[in-house]
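A.B. asks: I have a structure I would like to understand better, so I am pasting it below and will then ask my questions one at a time.
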Amino acid sequence: MTSAIQTLSAYEILDSRGYPTLRVAATLEDGHVGIASVPSGASTGRYEALELRDGDASRYRGKGVLKAVSNVNDVIRGRLAGKAAAPQESIDAALIALDGTENKTKLGANSILGVSMAVARAAAASAGVPLYRYLGGSSAVRLPVPMMNVINGGRHAQNSLDFQEFMIVPHGAPNFAEALRCGAETFHALHDLLHKAGYSTAVGDEGGFAPNLKSIEEACELIVAAIRKAGLRPGDDVAIALDPAASSFAEDGRYVFAKSGNKILSRDELLALYERLVDIYPIVSIEDGFAEDDWDGFRRQTAACGDRIQIVGDDLYVTNPRFIQRGIEDSATNAVLIKLNQIGTVTETIKAVQMCRNAGWAYVISHRSGETEDTFIADFAVAMGGGQIKTGSLSRSERLAKYNRLLEIERELGSAAVYESPFLK
């Protein structure tokens, strides 16, 4: 018999950018407690579920979340008190019904997600199993290959790079612990190369370096050089993934590289740039290569490159099953970025993952630029078994907390743990 929820409690905390978010504690009648902190995005899709902010300019520049906190303490708590903490589908269905809107605009996706994650944690503790086992069952044994953001640009850094993320992917390692080592050693090698070249080694929102480089190509060349400097093989041991976040530089059907000289590209010219980059560098994945409403751009990219690399939709889908279904029908991409706070509940996120599985698509469990020390997505990535996680660079503790949790999970699983590349064909 699953224990019932005794109470819920939320309060305001700060995320990694110094802005408020909320933390929720779910206490069950058997005494078990689950605590969850909600992340916040900077490069957000237009159709994401609503992140409820107070708008009070006298507090936190209008970014306070006291309304979301109140929605947990004064509205949601009363509805869920006494309700069994499992199954998760029942909890999330009650939250969705209580909000009653398509995009969580009444209660806020941040208040709803905080409760959804906290109750899942409490239920796992009550069942005496790790969170990854509670959500994924006995088959949850696959550790994810990390996409590590080592050079930041776009909206994540005040520099000359229009592309938002240049990532390293240590997919050739034999296990997660070795993958983390490969990533860390490449990161530090990149630091040395940047320093020697006279570039800044300050870091951006997600812990990657934020230098004023001359071009996208220079960023890729420096990463390849860093991989080699670390004694690893570009492509085989460590590959490259890009997240241009093209919505951030899309204007009236064109793509304007305002940070690097105002060069303007058409959709076809941008596609040609991606094809050239893939030809030259060991790139295995490109995320959000076109704007969130440029479905034709994504279709063309997938038709041209989808048999060679992973084409990931983020802003295009915002973890929403309705948009993912359209993408599947249109062959718009071959992979989806999965973010819990884009849709607002654990159950809806799992549904999005299941749609990807059914379509034979890849999926990448992802953090946000405004993170906390919460490690929910590390367990969630193992539970979902897709073999990929995107959770930032090799610096800043809110990013490293996820990697360190994955090390713990790998140790817990022992010989049952699986680590394998999703990019080998």
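The values are calculated or read from the model by the stated rules, or taken from the named source; none is laboratory data. Keep in mind that this is a model prediction, so the values were computed, not measured. Cβ placement follows ideal geometry from the backbone for every residue including glycine, while neighbour counts extend to all protein chains displayed. Quick note on the areas: whole protein, heavy atoms, side chains included, nothing else; ligands and nucleic acids left out. Shrake-Rupley method; radii C 1.70, N 1.55, O 1.52, S 1.80 Å.
A.B. asks: Taking a quarter of the surface of the Cα convex hull of the stretch 148-213, what do you get in nm²? Please report the intermediate quantities before stating the final value.
C.D. replies: Working: hull surface 17.1 nm².
With every direction weighted equally, the projected area is 4.3 nm².
A.B. asks: Please give the charge dipole size of the chain, origin at the Cα centre, charges +1 on K and R Cβ atoms and -1 on D and E Cβ atoms. Round to the nearest 20 debye. Write out the running numbers ahead of the final one.
C.D. replies: Working: 44 positive and 53 negative charges, 107 e Å.
For the chain, the charge dipole is close to 520 debye.
A.B. asks: Would you kindly derive the ³J(HN,Hα) couplings of the stretch 54-68 from the backbone phi angles with the Karplus curve 6.51 cos²θ - 1.76 cosθ + 1.60 (θ = phi - 60°), listing them in order in whole Hz, with x for Gly and Pro?
C.D. replies: 6, x, 8, 5, 7, 10, 6, 6, x, 9, x, 10, 5, 5, 5
A.B. asks: Can I ask one more? Would you tally the net charge around GLU412, using a Cβ to Cβ cut-off of less than 14 Å, leaving GLU412 out, and scoring K and R as +1, D and E as -1?
C.D. replies: Numbers: positive: ARG133, ARG142, ARG405, ARG411; negative: ASP379, GLU408, GLU410.
Net charge in that neighbourhood comes out at +1.
A.B. asks: Taking the dipole about the Cα centre of the chain, with the C-beta of Lys and Arg at +1 and of Asp and Glu at -1, give me whichever of LEU131, TYR281, ALA226 is farthest to the positive side.
C.D. replies: LEU131
A.B. asks: Determine the shape class of the stretch 78-216: with a ≥ b ≥ c the square roots of the Cα gyration tensor eigenvalues, call it rounded for a/c under 1.5, and otherwise prolate if a/b is greater than b/c, oblate otherwise.
C.D. replies: oblate
A.B. asks: Shifting gears a bit: May I ask you to list the aspartates and glutamates whose Cα is less than 18 Å away from that of LYS351, ignoring any residue fewer than eight positions away on the same chain?
C.D. replies: Straight-line reach from LYS351, under 18 Å: GLU48, GLU89, ASP92, GLU102, ASP314, ASP315, GLU329, ASP379.
A.B. asks: Using only DSSP helix segments of four residues or longer, with each worth -39500 (n - 2.57), what per-residue ellipticity at 222 nm results for the chain after dividing by its residue count and rounding to 500? Walk me through the intermediate numbers first.
C.D. replies: On the way: 14 runs with 160 residues, N = 425.
Mean residue ellipticity, 222 nm, calculated: -11500 deg cm²/dmol.
A.B. asks: As I understand it, the dipole of the stretch 307-365 uses +1 on the Cβ of Lys and Arg and -1 on the Cβ of Asp and Glu, about the Cα centre. Which of LEU337, ILE311, GLY327 lies farthest toward its positive end?
C.D. replies: My answer, from the dipole projection, is LEU337.
A.B. asks: Then there's this: Quick one: dipole size for the stretch 1-142, taken about the Cα centre, charges +1 on Lys/Arg Cβ and -1 on Asp/Glu Cβ, in debye to the nearest 20.
C.D. replies: Numbers: 16 positive and 13 negative charges, 60 e Å.
In total the dipole reaches around 280 debye.
A.B. asks: Note down the magnitude of the dipole of the stretch 203-299 about its Cα centre, charges +1 on Lys and Arg C-beta and -1 on Asp and Glu C-beta and zero elsewhere, to the nearest 20 debye.
C.D. replies: Details: 10 positive and 20 negative charges, 104 e Å.
Dipole size: approximately 500 debye.
A.B. asks: Any idea of the accessible area per residue across the chain, 1.4 Å probe, to the nearest Å²? Could you put the intermediate results ahead of the total?
C.D. replies: Working: 15680 Å² over 425 residues.
Computed with neighbouring chains in place, this is 37 Å² per residue.
A.B. asks: Give the cross-link partners of LYS196 among the lysines, using a straight C-alpha distance below 25 Å as the criterion and excluding same-chain residues fewer than 8 apart.
C.D. replies: Cross-link targets: LYS214, LYS229, LYS259.
A.B. asks: To continue, here is another question. Could you work out, for the stretch 1-153, what percent of all Cα-Cα pairs fall into each 5 Å distance bin, beginning at 0 Å and stopping at the bin that holds the largest distance?
C.D. replies: The distribution over the stretch 1-153 is 2, 9, 17, 19, 18, 16, 11, 6, 2, 0, 0, given as percents.
A.B. asks: Continuing with this model, one more query. For the chain, what percent of Cα pairs sit more than 30 Å apart? Intermediate results must be reported in sequence, preceding the final value.
C.D. replies: Values: 35736 of 90100 pairs.
In whole percent, the long-distance tail amounts to 40.
A.B. asks: Another question about this same structure. Quick check of the Kirkwood formula: for the stretch 190-347, what is the inverse mean of 1/r over all pairs of different Cα atoms, in Å?
C.D. replies: On the way: mean 1/r = 0.0590 Å⁻¹.
Result for the stretch 190-347 stands at 16.9 Å.
A.B. asks: Report, to the nearest whole %, how much of the accessible area of the chain belongs to carbon and sulfur atoms, 1.4 Å probe, protein only. Intermediate results must be reported in sequence, preceding the final value.
C.D. replies: Values: 7540 of 15680 Å².
Ligands and nucleic acids excluded, carbon and sulfur give 48 percent.
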